[in-house]
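These notes concern the structure reproduced below.
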Amino acid sequence: MEGVRPHLITLAATTPSPFGPQRHGRPFGTPDKDETPDSEGTPATRIDLDGLADRIVPFPVEAARYSNLRAARDGVLWLRHPVRGVLGAGRATPDAPDPKTRLERYDLAQQRLEHLAADADHFEVSGDGRRVLLWSDGRLRVVPADRHASDDEGGDSNIVVDLTRIRQTVDPVAEWRQMYDETGRIMRDNFWRADMGGVDWDGVLDRYRPVLDRLATHDDLVDLLWEVQGELGTSHAYVTPRGGFGDGARQGLLGADISRHEDGGWRVDRILPSETSDPDARSPLAAPGVAVRPGDAIVAVAGQPVDPVTGPGPLLTGTAGKPVELTVSPAGGGDLRHVVVVPLADEEPLRYHAWVAGRRAHVHERSGGRLGYLHVPDMQAPGWAQIHRDLRIEVAREGLVVDVRENRGGHTSQLVVEKLARRIVGWDLPRGMRPESYPRDAPRGPVVAVANEFSGSDGDIVNAAIRALGIGPVVGTRTWGGVIGIDSRYRLVDGTLITQPKYAFWLEGAGWGVENHGVDPDVEVPQRPQDHAAGRDVQLDEAVRLALEALEATPAKTPPELP
């Protein structure tokens, strides 16, 4: 998120800025003589519209992430949020605590910034501006609005509100009925077509309403809401319950393929390599000092022998993120080794990066090193980061294969398309260094996209844009077909998230037709189950063939020789 700064406007043209020069002896807040009080002694408020926009002045604080601007006695309060990446990779260590949001106050009389609380989730100011109701770390406190909130309970400077005294009785059946009606109303007010796409929405709600009498659990309600919203036949109509069962005892995973061999031992067949640019893609068995190799057998976990039938899995239950000792028998024989590893709770990032590396190596080998390969897993921060892990290297090759299969959508397709649409118009040739194209990160030659039925939402749009802009052909199968967007603004009374398809999308060449249809590829190549079982990627192979064919017709751009 970009940095912002709080600003203020003086309403009357004769009111000076509190941050500018003041008349001698006239403290902040003293009204001008033309701001005469009324008969009851209340100062009159005057607004001079002429020149109002020119009287906007910033607070003398550094740009940062601010929110919840509130007025208080002789000052202004706000929340200052820490600057951190969306991917959560900015911490010193994976288990380091996240930086906290601070409550700050700018004292207009003293012209200084004050720190009121180090850990603030939300706050409200009392009517007289003297107190703050502060929600922090699961506690509600009443603290002063003009000085630091002490962490010590007691006294009039830090009053803890005991929320456990509140008793609330909920009638689930009545709550579900209200949630049902609320879902219908919010959908009616936000659906992308005011006529609900020709659907008799009131009729739909009336038809399903009797099912409310049959509900036994909240899950039943969620299923019902899914069915009701599904009557509109539009994508992105989601119902997501809040909360869940928690992490519990997370299964520990070793980031490796392990199987039972003929000798009854559980041996490591493959160790997934770490991706050092992604903190979530560490490989426990490849960590420094572990030195486990393919073929080694895991014979014990935390001193408990590995069962020859169930393997090490049950012994790794609850070990995710915690050190655990493995006893390893080397493949070549010799003494047992004892190593300490920290198992993973989720292997998906590790396996994803290994899959990408395998696809990239395949493209390099099949094209003789002439083509680069990029995979875009989504159109959000993770996908944008993934592109840039290898963009500079891969785009420097003669052509480029852009794989948007399994793309989960998001909102960054415009940025991706902008990169792919760049065209080289110049070169920077520093002495003794590799030439660099102008603009940077521009493809030197043909671009071929690969899509499938799991390329959805912004993953649909990026393929339509690649075709509309003539960037290159799309190879594969027709995409998902869901481009009516959402903003996820509304939750029901118990926190259940409901979404309303609101943002209609029109695309050149396809019009309104991408919704419920998808983007047709230029070259259709189905990926059959037989291909997957045999380890063949026929869609990727066709993309490589087309890119090499295009290179023969139009060679890649190359830097000129120095004069």
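Looking across region 465-481, the residues that are buried (at least 24 other Cβ atoms within 10 Å of the Cβ) and either in contact with a Gly (Cβ under 8 Å, 6 or more places away or on another chain) or closer than 30 Å to Arg185 by Cβ (or both) come down to Ile466, Thr479. Return a yes/no flag: does region 528-549 have any residue that is surrounded by 17 or more Cβ atoms within 10 Å (Cβ to Cβ) and over 35 Å from the mean Cα position of the chain (by Cα). Taking every residue of region 528-549 in turn, at least one turns out to be surrounded by 17 or more Cβ atoms within 10 Å (Cβ to Cβ) and over 35 Å from the mean Cα position of the chain (by Cα).
One residue stands out among those in region 355-368 that are touching a residue at least 60 places away in the same chain (Cβ under 8 Å) and open to solvent by 30 Å² or more (accessible area, probe 1.4 Å): the one that is nearest to Leu254 (Cα to Cα), which is Ala357. Selection of region 398-430 for residues being open to solvent by 50 Å² or more (accessible area, probe 1.4 Å) and within 20 Å of His353 (Cβ to Cβ) yields Glu406, Arg408. Annotation note: Cβ proximity below 9 Å between a residue of region 189-202 that is in contact (Cβ under 8 Å) with a residue 12 or more places away in the chain and a residue that is aromatic (Phe, Trp, Tyr) and assigned to a helix (DSSP H, G or I) (sequence gap 6+ or interchain) occurs for Phe191/Trp201. Within region 413-421, is even one residue at pLDDT 95 or above and assigned to a strand (DSSP E or B)? The answer is no; no qualifying residue exists.
Looking across region 431-443, the residues that are in contact with a strand residue (DSSP E or B) (Cβ under 7 Å, 6 or more places away or on another chain), crowded, with 16+ Cβ neighbours inside 10 Å and in contact (Cβ under 8 Å) with a residue 40 or more places away in the chain come down to Ser437, Pro443. Just one residue in the set Glu325, Glu394, Glu347 is in contact with a strand residue (DSSP E or B) (Cβ under 7 Å, 6 or more places away or on another chain), in contact (Cβ under 8 Å) with a residue 60 or more places away in the chain and acidic (Asp, Glu); that residue is Glu347. The set of residues in region 373-412 being hydrophobic (A, V, I, L, M, F, W, C) and part of a loop (DSSP other than H, G, I, E, B) consists of Val376, Val395, Ala396, Val404.
So that you can scan it fast, the table gives a plain yes or no per residue for (1) closer than 16 Å to Gln500 by Cα; (2) acidic (Asp, Glu); (3) open to solvent by 80 Å² or more (accessible area, probe 1.4 Å):
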position	(1), (2), (3)
Asn158	no, no, no
Arg167	no, no, yes
Glu175	no, yes, no
Asp181	yes, yes, no
Gly184	yes, no, no
Gly203	no, no, no
Tyr208	no, no, no
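Exactly one residue out of Gly233, Gly289, Gly264 is on the phi > 0 side of the Ramachandran plot and under 28 Å from the mean Cα position of the chain (by Cα), and it is Gly233. Taken residue by residue, region 469-481 has no member that is aliphatic (A, V, I, L, M) and either part of a helix (DSSP H, G or I) or over 29 Å from the mean Cα position of the chain (by Cα) (or both). Contact map, region 52-63: first residue more than 16 Å from Arg112 (Cα to Cα) and assigned to a strand (DSSP E or B), second residue open to solvent by 80 Å² or more (accessible area, probe 1.4 Å) and not hydrophobic (A, V, I, L, M, F, W, C), Cβ cut-off under 6 Å, separation 6 or more or different chains; pairs are Ile56/His7. State yes or no: is Tyr352 open to solvent by 30 Å² or more (accessible area, probe 1.4 Å) and hydroxyl-bearing (Ser, Thr, Tyr)? Here the answer is yes, as Tyr352 does meet what is asked. Tallying residues that are assigned to a strand (DSSP E or B), modelled with pLDDT under 95 and buried (at least 16 other Cβ atoms within 10 Å of the Cβ) within region 494-527 yields 1.
The values are calculated or read from the model by the stated rules, or taken from the named source; none is laboratory data. No experiment lies behind these values; they were computed from the predicted model shown. Virtual Cβ from ideal backbone geometry, glycine too; neighbours counted across all protein chains shown. For the accessible areas, the whole protein counts, side chains as well, though only heavy atoms, and no ligand, DNA or RNA atoms are used. Shrake-Rupley method; radii C 1.70, N 1.55, O 1.52, S 1.80 Å.
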